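A short worksheet on the structure shown next.
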Amino acid sequence: MNRQRYLVFVLALLVLLIVAMLISLGVGSVHLTPAQVLAALSPEAHGAVGATERTIIWSLRLPRLLLAAIIGAGLAAAGAAFQGLFRNPLADPYVVGASGGAALGATLAITAGLRVTGAGLGPVPLAAFVGALAAVAIVYTIAQVGGMASAITLLLAGAALSTVLSALVTLVMSVQNRDLHEVFAWILGGLSGRSWPHLAAVWLYITGGSLILWLFSRPLDALSMGEETAQTLGLPLSQARGVIVAGATITTAACVAAGGTIGFIGLIAPHVARLFVGANHARLIPVSALLGALLLILADDAARTMMAPLEIPVGVMTALFGGPFFLYLLKTRQRELGGWR
Amino acid sequence: MTTVECSRRLHDLQRDSIANSAAAHDNDCEATLEGQHITCSYNGHAVVQDLCLAVRRREVLGLIGPNGAGKTTVLRAMARLLRPTHGTVLLDGRSMWQMSSRRVAQHLALAPQADPGALPLTVEQAVVLGRAPHRGWFLPLAAKDRLAVERALARTGLLPLRDRPVSQLSGGEQRRVVLARALAQEPDILLLDEPTAYLDLKYQTETLELVRNLAHKDGLTVVITLHDLNQAALCADRLALLADGRLLGVGTPATVLVPDLLAEAYRVPVTVANHPIYNTPMVVPLFSRV
C-alpha cells in the first residue's frame, strides 16, 4: 500500500467512524434519525428536536459514545504495541497483568466500600487504575531481576502474576458474596451509566499513552524483528521497552478504569488493521485505534439495544461477536494473519 | 595462556600470514576491529577462551571452524551483542563497551544468521530500519537515508520485491533482506553470520562475490563466518580457524587450510588440493573406510 492509498484508506475509515457515530447516537429506547441527531447536536436550539432529545444526546449518549470510541482506540493501540513488542499474535493490552491488577483493585474497592477518590476518578475506577499500574510495575520489576530482562521473561511474569491476581479476586468474591453482581459486571466490562466525568478523567491518559506508542513506531518495528536485531541497530533495549510498556500500561489502565476489563478489542483490532495496512507500526497503530473505536461503538450499540431495557456488559458483546469474526478471518485470511514466524 | 604468550602467538601467526600472503594488502595492516583476550561464557561455561583477533581494514576475514567452535559467539562479541567476561573488543582503538550501541551501529553492522522477523513488514520497511543508527528513532527519513535504502535494495537485487511482506519471501530472499538492512546502515565494518546458508548455488556465488566487492571495491571491512571451507578459501583474504573456543590459526587460506590444522580442528582426515582455476586450496574430507 503506497502512501497515497494509505491516506485514502485512513480517510475512508474516519468517514465510516463518523457515520457509525451518528447512527449510534440515534439508537436506543428513544429512536432518532441521523438528521435529528445532527439537529440535537447543533449548539443553537432547533425546531426539529425537543429539549428531551437534546438532553438524551448531550448528557447520556454522546459522552458514552465518545468514551466507547476512546476506550476502543486505546485498547487497540496498546494491543498493537504489545503484539509488536512481544512478537506474539496472542498479546493483548492485558498481557503484562493490567487486567488482573485492575480487577483486584476494583473488587477490593467494591467489597470494602472504599470511598477514596482522586484524579477525577471515583473510588472503583481509581482502585482499578492504581491496581493496573501496580500490577504491571510488579511484573516489570520481577522481570528485571537477575539482569535477564527480556520480552519473554516479561511475558511469563505477566502470565504468572495474572493467575495469582485472578485467584485473589476469586478468593475475595467467595469470602464476600454480597456485592458479587457488581464485581461481575465490572470485570466483564461495560459502559452503562458512564458520562462526562469519566471521559474527562481518562481521555488525557488514553490519548497521551497512545501517542507515546505511535511515537515509538520505529523502535517497535525494530523490536518486532527481534531484540538482538534491534540492539545491533543501536536501540537502547531496556529503555525503549520500558517506555513502550509504560505507554501501553497508562493507556490500558485508563481504559480499564473507565470501562472495566473489556476483552477482545485489543486483540483483534490490530490483527484486522494489519490485514489492511501491514505491520509497519507508524501505520498500524493509528489504523488499529480507528478500528478499535469503531468496533467498541458497534459493540456498545448492541449491548444497549439487544435486550433492552436490560443492558448486556459490552465485554460480553465484544467476545460474542469478535470471537466468531476472528475465527472467520482465521479461516479465510489465514495466510495474511499467519504472517508471524 | 598469558598475555605475552597470547600476543606472541598472534604475532607469529600474523607474521606468517603476511609472509605467505600473495594477496596481502599493501601496507594496510591497521586494525579497525580487534578482539583482545576475549573470553565469552554462557552460564559459567567458557565458549570462547582468551582469543585475540585483529581485523584489518578492507579485508575479508573468514571465521571457520567446526560446529560449536565459537564462530558465532566471536561474531556476537564483535557486534557488541555479547559482553565478554574477560577482555574487550576495540573499535578503532576504543573499547566498544565504552561507546553507545548507537555509536557502534553507525560504524558496524551485523547480518545475523537467523533473523526472526516475526511480523510481516515489507522488504523496504525492514531495510529502512538500517537507517536508524544514523537518522535516529523518531525523525522521518531524509533524502540521504532514502538513497542509502535504494542502494542497498539495488545491490542485493531486492528492488522488484520491495513491497512484498518479508514473511512471504523464500528463505534465500529473506537472507538478502538481512544483508540489505546491514548495507543500508552504510557501515565501515560488516559482520556476516553464514550469509550463504539456505541459498542455492547462484545466490551463494552472488553473495560471496558481493562480499568481496564490498571489501575490495567499496572499502568495507568484512568478517564472515562460513561453513564451506572451499567458499571460505575463495572469498576470504585471511582465515581464522577456531576450535573449542580457541584460535588454531590465522592467515591466508593457503596457510590455514592445511591438513594438519584441519584434522586437529574438525577431527576428520582431509586432503588439500589446488583449485583448478583460482589456485586456492580445496579441502576434501577423507572417509575413514571406503
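Pairs are defined by a Cβ separation below 8 Å, a sequence spacing of at least 6 or placement on different chains, a first member in region B:136-149 that is within 9 Å of chain A (Cβ to nearest Cβ), and a second member that is part of a helix (DSSP H, G or I) and of a type outside the set (A, V, I, L, M, F, W, C); the pairs so defined are B:137/A:218; B:137/A:219; B:138/A:218. Considering B:250, B:178, B:222, the condition of being within 27 Å of residue B:91 (Cβ to Cβ), out of contact with any helix residue (DSSP H, G or I) (no Cβ under 8 Å at 6 or more places or on another chain) and buried (at least 22 other Cβ atoms within 10 Å of the Cβ) is satisfied by B:178 alone. Looking only at residues of region B:72-123 that are in a loop (DSSP other than H, G, I, E, B) and of a type in the set (S, T, N, Q), we find that the one that is nearest to residue A:274 (Cα to Cα) is B:113. Of the helices (runs of 4 or more DSSP H) that lie entirely inside region A:177-236, those containing 2 or more residues that are at pLDDT 90 or above and at the interface with chain B (Cβ under 9 Å from one of its Cβ atoms) span A:217-224, A:227-232. Every listed requirement among (1) out of contact with any Asp or Glu (no Cβ under 6 Å at 6 or more places or on another chain); (2) away from chain B (no Cβ under 14 Å); (3) under 22 Å from residue A:65 (Cα atoms) is met by residue A:138 save one, (3).
For region B:264-290, a residue qualifies if it is touching a helix residue (DSSP H, G or I) at 6+ places or on another chain (Cβ under 8 Å), in a loop (DSSP other than H, G, I, E, B) and touching a residue at least 24 places away in the same chain (Cβ under 8 Å), and the qualifying residues are B:275, B:278, B:280. Condition test on residue B:109, is it within 19 Å of residue A:231 (Cα to Cα), modelled with pLDDT of 90 or more, within 11 Å of chain A (Cβ to nearest Cβ) and crowded, with 23+ Cβ neighbours inside 10 Å? In short, yes.
Can we say residue A:297 is at pLDDT 85 or above, under 26 Å from residue A:256 (Cβ atoms) and not in a helix (DSSP H, G or I)? Judged against the criteria, residue A:297 is not a match. Restricting A:128, A:68 to residues that are hydrophobic (A, V, I, L, M, F, W, C), in contact with a strand residue (DSSP E or B) (Cβ under 9 Å, 6 or more places away or on another chain) and at pLDDT 85 or above narrows the list to A:128. Taking the criterion of being of a type outside the set (Val, Ile, Thr) and buried (at least 21 other Cβ atoms within 10 Å of the Cβ), the residues of region B:195-209 that qualify are B:195, B:208.
The values are calculated or read from the model by the stated rules, or taken from the named source; none is laboratory data. Treat the numbers as computed from the prediction; the structure is a model and nothing was measured. With ideal geometry, Cβ positions are generated from the backbone for all residues, glycine too; neighbour counts draw on all protein chains shown.
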